[in-house]
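Here is the structure we will look at, set down as structure tokens.
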Amino acid sequence: MNDHLWIAGEPPARDGISVDCHRRLRGPFTGLGGVLRALVPRLAGRAPALVNAHAFEILSVAPELRAHVDPPPRTLTEMSEKDERTRLYAPRQTRRLAHGAIDLLVAAATPELLGPLTLSFANADGADPTDQEFLALLLRRTRESGIRVIVHTAAAEPPGLPDELAAALRDRARRARRARSGREVDAAPDRRAGRTPGGLVRAFVAGDGVSADPRELAAYADAAPEVRAALHDERAAELARDGEWSLRLGAIPYHLERGGDHAAAVAALRAALDHCLLRGFYHAAIDYGLRGRAITDPDTDLDDYWYLSARTALAYSTMRMVAEAEPLDLEVRRRCAVPTAHMVTGYALAMMYTRHLAPELRDHGKAREYINNAIAIATLWPDPTERAFHTVFNRNGLALVEMHSGNLAEALRLVTDGLARLERELDTGDYRLHRSVLLHNRANVLLRLGRLDEALADFSAVIEMDPYYPEYHRDRAGVRRQLGDHAGALHDYDTAVSLSLPFWELQYNRGVLRAEAGDLAGAIADFSRVVELEPGELEPWISLVSLLLETGDLAAARKRTDQALREHPGDPQLLCVSGQVALEAGDADRAKVDFELALGGDQRSVVALAGRAMLAFQRGDIGAAVADLSLAIEVLPDDPDLLYNRGRAHQELRDWAAAVADFTSALALPGSDRAEILRQRGRCHAELGDAAASRADLDVAEESHREESHSTTIA
């Protein structure tokens, strides 16, 4: 087990691969990007297949590594120009990128490749949320790998640190403090002048503004504004000449904002915002947008101002932060009469009210008002090609409003009409991404309508258009599963997993399908991967342990249950599973404790009641068993097994009439073991003196047994 380290205060001496995470340097994934820039060129020569398998993650985080990686297959989303992008990544895209990068690092840190790695990350409390999320996952996932992680924060109790990273540091890193000595902070020799005030200012700017040296900070604050601006312009030009793309997301816009070229600063922030919005780096997109608004005068630079405002609002709303998004869009609508601005914000506000708000706060009527306004503007667009696109795009927005309102027939009509218009009025190659989005939307409406064959046809058609987009394969798998085509569904899930970043829901769905098909080993592998990625999800743990129990691997079931309970302490469902594992292992004492703890959290837990009843039955406390089974039957009155078990308990108490009543009720339910129940009821009838009823039950039981045996022999 690796000894991860958390150092607060003075940055540590360089150890292994050392990177500075401060977002001011390269924006999103500054720290992870630094690690990849250090490792990928070395790794590409030794394991090109491994590097290429993670090309999407590498190029998303560090685009300057393009020369070392074969480009991954491109989806229509990736190929579309900015103005044609009608699909944004889910907010969890950054988490999936981080997981994929960690898979790469773990594979690299093996004896066959690079050997053990020490990764040191400075200024984690100044990092972008993408790096902070990555670090939390890295600390959790690498304790048993060849990677040692050192995380530095400037403060011992960093304010504003995300809960997940704070918890990971507390739980998984040995903590050390290094007092700040006030010594000069190391910097590149060729960028430092003497320790005169002018040299200190130059050093601060050359360090891209992340220095904690108090003398540099004081000298910079005291310097004349024109001196600071000139140094920032000089540094921005120097970094632009270096050519590393990710500098455009950090140091370059930082320096331009403080330099003398206002137009260049706004352009840099717009470009950074657009890049991050399209990559799913929404926190950074918001940061750039707000910074751009702060230096843009709406009275003289209205086009920049409304664009920055609307794009910032889009990033907010994509993260369901409607309270922050709505005022920005409304401000745009108040400030300007630009048709594009009103069309864009009308669509955005409609989506907020029909999709992004919590269900109880949605207002589909208001959504229609906004989307109808956007449609009206689109129909007046001068260029016929753009008019067709904008009209169909916004009418698709109306279709989404209708779908969320429950008017599926109208939603289907709108989407179908939109597809027909694009086919009729546009060249085949125009707006291919939006055509695929419309087709996918129609497939989903058909699915909601229960028209599965038609939905399957549309999902298949959209896969032909965009074969490398994993969600399409996942969606078609779901339809095929409903249609009973398990082989086809499994093929689609396999394809989706092969194309996708680590995506726990996708892996879990494949595991469920594998379990249904009897591939328990495959299902266990999928569920194990899920709990590695996201141990905070409960259902995968329960599915995993249940399958381990089914295969008889009690040691693995116990290990996994204990791991799950550390992640979800006191969860009633997990305590029930733990009790079942203990029962199978013959540990009645632990099983009893687990079931009672589960009932302490959920008094109506059928599994816990049934488990405790079994233990009571085994130790001869039949009355307690009947009491627990009766409570369980109140919760699940249509469970034949519960009724059968209570009938057996009544038999032990010689309450033959009560036993007959339970067995009779169980026989009326689907899924009951008819032969066994009839045998037991026949014995009860005999005890009650009803020989004819007893003989009838036993004869039918024997006949049922023969039919089952005959059936099995033929099969």
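Out of everything in the range 54-71 that is surrounded by fewer than 19 Cβ atoms within 10 Å (Cβ to Cβ) and touching a residue at least 40 places away in the same chain (Cβ under 8 Å), what residue ends up being nearest to Gly243 (Cα to Cα)?
Glu64
Only residues that are in a helix (DSSP H, G or I), under 21 Å from Asp20 (Cβ atoms) and acidic (Asp, Glu): list them for the range 235-274, please.
Once the filter is applied, which keeps residues that are in a helix (DSSP H, G or I), under 21 Å from Asp20 (Cβ atoms) and acidic (Asp, Glu), the range 235-274 yields Glu238, Asp242, Glu257.
Go through the residues of the range 98-116 one by one and say whether even a single one is open to solvent by 40 Å² or more (accessible area, probe 1.4 Å) and within 30 Å of Leu256 (Cβ to Cβ).
There is no residue in the range 98-116 that is open to solvent by 40 Å² or more (accessible area, probe 1.4 Å) and within 30 Å of Leu256 (Cβ to Cβ).
Can you name every residue in the range 90-119 that is out of contact with any Phe, Trp or Tyr (no Cβ under 9 Å at 6 or more places or on another chain), touching a residue at least 40 places away in the same chain (Cβ under 8 Å) and not aliphatic (A, V, I, L, M)?
Correct list: Asp103, Thr118.
Here is a list of conditions, (1) modelled with pLDDT of 95 or more; (2) among the small types (Gly, Ala, Ser); (3) in contact with a Lys or Arg (Cβ under 9 Å, 6 or more places away or on another chain), and Ala585 meets all of them except one; can you say which number that is?
Answer for Ala585: the failing condition is (1).
With respect to Gly9, is the statement that it is more than 26 Å from the chain's Cα centre (by Cα) and either without any contact (Cβ under 8 Å) to a residue 12 or more places away in the chain or farther than 30 Å from Phe389 by Cβ (or both) true?
yes
Take Glu410 and tell me if it is open to solvent by 20 Å² or more (accessible area, probe 1.4 Å), farther than 20 Å from Val445 by Cα and of a type outside the set (A, V, I, L, M).
No; evaluated as a whole, the condition is false for this residue.
State all residues of the range 193-222 that are assigned to a loop (DSSP other than H, G, I, E, B) and under 23 Å from Gly250 (Cα atoms); if no residue qualifies, say none.
Gly207, Asp208, Gly209, Val210, Ser211, Ala212, Asp213
Looking only at the range 226-276, which residues are among the charged types (D, E, K, R), under 20 Å from Leu32 (Cα atoms) and at pLDDT 95 or above?
Arg248
Among the listed residues Val437, Val392, which satisfies the condition of being in contact with a Lys or Arg (Cβ under 8 Å, 6 or more places away or on another chain), in a helix (DSSP H, G or I), touching a residue at least 40 places away in the same chain (Cβ under 8 Å) and closer than 19 Å to Ser500 by Cβ?
Of the residues listed, the single one that is in contact with a Lys or Arg (Cβ under 8 Å, 6 or more places away or on another chain), in a helix (DSSP H, G or I), touching a residue at least 40 places away in the same chain (Cβ under 8 Å) and closer than 19 Å to Ser500 by Cβ is Val437.
Taking the condition of being under 26 Å from the mean Cα position of the chain (by Cα) and open to solvent by 50 Å² or more (accessible area, probe 1.4 Å), how many residues in the range 413-443 meet it?
1
Hey, can you tell me all the residues within the range 509-554 that are crowded, with 23+ Cβ neighbours inside 10 Å and not aliphatic (A, V, I, L, M)?
Those that are crowded, with 23+ Cβ neighbours inside 10 Å and not aliphatic (A, V, I, L, M): Arg510, Gly511, Asp526, Phe527, Pro540, Trp541.
Could you list, ordered by first residue, the pairs with Cβ atoms under 6 Å in which the first is in the range 128-151 and within 17 Å of Ser18 (Cα to Cα) and buried (at least 23 other Cβ atoms within 10 Å of the Cβ) and the second is of a type in the set (Phe, Trp, Tyr) and modelled with pLDDT of 95 or more, at least 6 apart or interchain?
What qualifies is Asp131/Phe29; Val151/Phe121.
Any residue at all in the range 444-462 that is under 21 Å from Ala348 (Cα atoms) and part of a loop (DSSP other than H, G, I, E, B)?
No, because not a single residue in the range 444-462 is under 21 Å from Ala348 (Cα atoms) and part of a loop (DSSP other than H, G, I, E, B).
State which residue is nearest to the chain's Cα centre (by Cα) when the search covers only the range 277-289 and only residues that are open to solvent by 10 Å² or more (accessible area, probe 1.4 Å) and either at pLDDT below 95 or within 18 Å of Asp83 (Cα to Cα) (or both).
Looking at residues that are open to solvent by 10 Å² or more (accessible area, probe 1.4 Å) and either at pLDDT below 95 or within 18 Å of Asp83 (Cα to Cα) (or both), I get Arg279.
When you check Leu119 against the structure, is it over 26 Å from Val497 (Cα atoms), open to solvent by less than 10 Å² (accessible area, probe 1.4 Å) and not aromatic (Phe, Trp, Tyr), yes or no?
Yes: the conditions hold for Leu119.
Kindly provide the set of residues from the range 362-389 that are surrounded by fewer than 15 Cβ atoms within 10 Å (Cβ to Cβ), in a helix (DSSP H, G or I) and of a type in the set (Val, Ile, Thr), ordered by number.
Passing the criteria: only Thr385.
If you check Arg311 against the conditions, is it closer than 27 Å to Arg368 by Cα, in a loop (DSSP other than H, G, I, E, B) and of a type outside the set (Phe, Trp, Tyr)?
So Arg311 fails the test.
Within the range 491-508, count every residue that is open to solvent by less than 50 Å² (accessible area, probe 1.4 Å) and either in contact with a strand residue (DSSP E or B) (Cβ under 9 Å, 6 or more places away or on another chain) or not hydroxyl-bearing (Ser, Thr, Tyr) (or both).
Within the range 491-508, residues that are open to solvent by less than 50 Å² (accessible area, probe 1.4 Å) and either in contact with a strand residue (DSSP E or B) (Cβ under 9 Å, 6 or more places away or on another chain) or not hydroxyl-bearing (Ser, Thr, Tyr) (or both) number 9.
Which residue out of Ala657, Ala661, Ala649 is in contact with a helix residue (DSSP H, G or I) (Cβ under 6 Å, 6 or more places away or on another chain) and either surrounded by 16 or more Cβ atoms within 10 Å (Cβ to Cβ) or assigned to a helix (DSSP H, G or I) (or both)?
Just a single option satisfies the conditions, and that option is Ala649.
Quick one: Ser578 ticks every box in (1) under 28 Å from the mean Cα position of the chain (by Cα); (2) among the small types (Gly, Ala, Ser); (3) surrounded by fewer than 21 Cβ atoms within 10 Å (Cβ to Cβ) bar one, so which box is it?
Single failed check for Ser578: (3).
Go through the residues of the range 469-486 one by one and say whether even a single one is touching a residue at least 60 places away in the same chain (Cβ under 8 Å), surrounded by 18 or more Cβ atoms within 10 Å (Cβ to Cβ) and within 26 Å of Gly397 (Cα to Cα).
Yes, because at least one residue in the range 469-486 is touching a residue at least 60 places away in the same chain (Cβ under 8 Å), surrounded by 18 or more Cβ atoms within 10 Å (Cβ to Cβ) and within 26 Å of Gly397 (Cα to Cα).
Within the range 319-342, which residues are surrounded by fewer than 22 Cβ atoms within 10 Å (Cβ to Cβ), over 27 Å from the mean Cα position of the chain (by Cα) and in a helix (DSSP H, G or I)?
The answer is Pro327, Leu330, Glu331, Arg333, Arg334, Arg335, Pro339, Thr340, His342.
The values are calculated or read from the model by the stated rules, or taken from the named source; none is laboratory data. As the structure is a computational prediction, the values presented were derived from the model and not from experiment. Here Cβ is always computed from backbone atoms with ideal geometry, including for glycine, and neighbour counts include all displayed protein chains. Accessible surface areas use protein heavy atoms only, side chains included; no ligands, DNA or RNA. Shrake-Rupley method; radii C 1.70, N 1.55, O 1.52, S 1.80 Å.
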